[in-house]
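Take a look at the structure below.
Every number here is computed from the coordinates shown, using simple stated rules; none is lab data. Note that this is a predicted model, so its numbers are computed, not measured. Counting neighbours? That spans all protein chains shown, and the Cβs are built from the backbone with ideal geometry, glycine included.
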Ligand code: TXA
Ligand code: MG
């Protein structure tokens, strides 16, 4: 029964060479991958995801030398960031050459590109003559998948194969950085914090919402959303006390919270480690969505480092 969940990298390469789509593991989330030069594969990605064609795809490569094939006029700061973080959870928006099909970039002059940090996907890319376009392997606006099972549940037999690389270690998407002239701009918060980016290139600006960034159409207000009604609040206990008759799941950094209407407290990191919390966020939302509860209430995370990225995703999940 499709999709086959398998560790067979050659099989994945064979399917991709035949213009099919394969779900691939990365250190952030699973991606739905296809040859960037194949209309058939790219159309299948958009139709599986039910994604509007106005939303561009990220291109995945295995070595920095491949940038030359399809990008130009790379700013110095982009190269500094690439050298600092690749392979890793940084997507750079760079000027595209005309070989990149317009459907990949939704007609924009820039293309999103990254080298993912997962050994199986790097090996797969090294076997292929083309880069892979890969959006997160979830239907449009739902939670990104961090395990092969999540992907299988989303797409069933419409998808041929999930390359099984286990659980994604970062668990939250890449950070997207573009340039206005030579100035770096963050369009999506993600697995690499603003502080880490600023350590390499100095101050950056943040344009990660719809009003400020129609450039990155994936930054819609509602996104990453569970089916269960979700709230992000300053004080979980005060908020949940208003709903004594509801069955509530809470997401926190503190496992001491309890009340009769709180069925489960998902403490994402006992030590308050934000990286650990980020890595567990989506898997937790997936799990809570399968439980019979009335609402998910998350306590706002500290507003620094990956806490900002977690708050960003949770606030989009509440819309
Ligand atoms: O961690 C990740 O980035 C994962 C893994 C699979 O690599 N991929 C991912 O792709 O999150 P996706 O398609 O779900 O999100 C990509 C975001 C979208 O919001 C899209 O609008 C934006 O990147 N994007 C891609 N190319 C762009 C471009 N040329 N200009 C502006 N935004 C772009
Ligand atoms: Mg996505």
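Based solely on its DSSP helices, what 222 nm [θ] is calculated for the chain when runs of n ≥ 4 H residues each add -39,500 (n - 2.57) and the sum is averaged over all residues, nearest 500 deg cm²/dmol?
-8500 deg cm²/dmol
Based on the alpha-carbon gyration tensor of the range 4-119 and its eigenvalue square roots a ≥ b ≥ c, which shape applies: rounded if a/c is under 1.5, prolate if not and a/b is larger than b/c, or oblate?
It comes out oblate by the Cα gyration axes.
Which ordering of 267, 168 is given by a fewest-first count of other beta-carbon atoms within 10 Å?
Ordered by Cβ neighbours within 10 Å, fewest first: 267, 168.
Over the Cα atoms of the range 170-319, compute the convex hull volume and normalise it per residue, giving Å³.
Considering the Cα atoms of the range 170-319, their hull volume per residue is 103 Å³.
Say we join alpha carbon atoms closer than 10 Å with springs in a Gaussian network model of the chain; which of 189, 67, 79 then has the biggest fluctuation?
Taking springs between Cα atoms under 10 Å, the residue moving most is 79.
How are the Cα pair distances of the chain distributed, in percent, across 20 Å bins from 0?
Answer for the chain: a P(r) of 33, 57, 10, 0 percent.
Which value in Å is the Kirkwood Rh of the range 84-132 over different Cα pairs?
About 12.0 Å, per the Kirkwood formula over Cα pairs.
Return 98, 142 ranked ascending by Cβ neighbour count within 10 Å, so the fewest neighbours appear first.
Going from least to most buried by this count: 98, 142.
Sort the range 113-254 into rounded, prolate or oblate with this rule: let a ≥ b ≥ c be the square roots of the eigenvalues of the Cα gyration tensor; rounded if a/c is under 1.5, and if a/c is not under 1.5, prolate when a/b is larger than b/c, oblate otherwise.
oblate
Counting only DSSP beta bridges with both residues in the chain, tell me the antiparallel percent, nearest 5.
The antiparallel proportion sits near 40 percent.
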